[in-house]
Amino acid sequence: MLKELKYNVLVVSSSEKFIGTIKKLFSPDVIDMIDFVSNTFLARRMILERSYEIVIVNNPIASGDGIDFSIDIIESYNVGVILFTSSESYHEVFDKTHELGILTISKPASTDTFIQVFRLLCSTRERIHNLDEKRVSFNERLEIIRLVDEAKIKLIKYAHFSEDEAHKYIERQAMQFRITKKQSALMIIDKYKD
């Protein structure tokens, strides 16, 4: 029903029936790792011990409120949360959680509904992951440009190079020593410390 996914999932539910349904949906060949706990105390401990991408919460939970727990973990950890709640309290819970990105499902829910919401969460997490990688890459490029510019300024000031000569020197040094332009720039900056 679901193709293989590379996610670590934590299911928090005090209902054996709910856990049984989830186990049928997510066999070991579908999810990288899936753990089941029956209360928020154990869930918090598991989140500290392991890295999860997705947490599924079946409210109400023994020894804790699933709504407050969901809000707390989504604000504290980089996880996606699916929260099941009763149809009577759905609108109230949704109003409290949707701005945080918690995906709320009204119980009883069909398997198809759950799978659709789960896939939506997976797609959203992939998009966020890709954006984070692009942001890191962009920040790394900015850092390289900043360091190369700083190295060029030092070469101009102390070695009396022109800007073009300084730029070529940094590139030549990187090629000669088989290092990156960033490493070349750092060597120059270190050599001409003020």
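The values are calculated or read from the model by the stated rules, or taken from the named source; none is laboratory data. Keep in mind that what you see is a predicted model, and the values were worked out from it rather than measured. Cβ atoms come from the backbone with ideal geometry, glycine included; neighbour counts cover every protein chain shown. Just the protein is used for accessible areas: all its heavy atoms, side chains included, with ligands, DNA and RNA removed. Shrake-Rupley method; radii C 1.70, N 1.55, O 1.52, S 1.80 Å.
Some points to look at:
- Given charges at beta-carbon only (K, R positive; D, E negative), |dipole| of region 33-95 in Debye: 300
- Segment Ser106-Leu186, length gained on full extension (0.36 nm per residue, minus Cα span): 23.2 nm
- These residues, Arg127, Arg50, go from largest to smallest accessible area, 1.4 Å probe, as Arg127, Arg50.
- Were the residues from Tyr158 through Glu143 laid out at 0.36 nm apart, the gain over their Cα-Cα distance would be 3.2 nm.
- From its DSSP helices (H runs of at least four residues, each -39,500 (n - 2.57)), the chain gives a residue-normalised ellipticity at 222 nm of -19500 deg cm²/dmol.
- Ordered by 1.4 Å accessible area with all protein chains kept, Met33, Met46, Met187 run largest first as Met187, Met33, Met46.
- Distance (nanometres) between label positions extended 7 Å along Cα→Cβ at Phe41 and Arg127: 4.0
- The angle between the Cα long axis of helix 66-76 and the main principal axis of the chain comes to about 0°, on a 0 to 90 degree scale.
- Solvent-accessible surface (1.4 Å probe) assigned to Asp72 amounts to roughly 60 Å².
- Only protein heavy atoms count here; on that basis, with a 1.4 Å probe, Glu92 has an accessible area of about 140 Å².
- Here the accessible area of the chain is 53 percent carbon and sulfur, with a 1.4 angstrom probe and all protein chains present.
- Accessible surface of Val148, taken over heavy atoms with a 1.4 Å probe and every protein chain present, rounds to 10 Å².
- Most mobile of Ile115, Ile153, Ile54 in a GNM of the chain (Cα contacts under 10 Å): Ile153
- Beta bridge orientation in the chain: antiparallel %, DSSP, nearest 5: 5
- Ranked from largest to smallest solvent-accessible area, with a 1.4 Å probe on the protein heavy atoms, Lys154, Lys134 come out as Lys134, Lys154.
- Placing +1 on each Lys and Arg Cβ and -1 on each Asp and Glu Cβ, with no other charges, gives the chain a dipole about its Cα centre of roughly 800 debye.
- Note on Phe177 and Glu75: their simple-model spin labels are 4.8 nm apart, each label 7 Å out from Cα toward Cβ.
- With all protein chains kept in place, the per residue accessible area of region 1-114 amounts to 53 square angstrom at a probe of 1.4 angstrom.
- Cα long-axis angle, helix 16-25 against the chain (0 to 90 degrees, to the nearest 10): 50
- Lys, Arg +1 and Asp, Glu -1 on Cβ, resulting dipole of region 115-174 about Cα centre, debye, nearest 20: 240
- Only Cα pairs under 8 Å and 6+ residues apart enter the sum, and on that basis the relative contact order of the chain stands at 13 percent.
- Between the listed residues Met46, Leu186, Leu131, the Cα displaced farthest toward the positive end of the dipole of the chain, a dipole computed from Cβ unit charges relative to the Cα centre, is found at Leu186.
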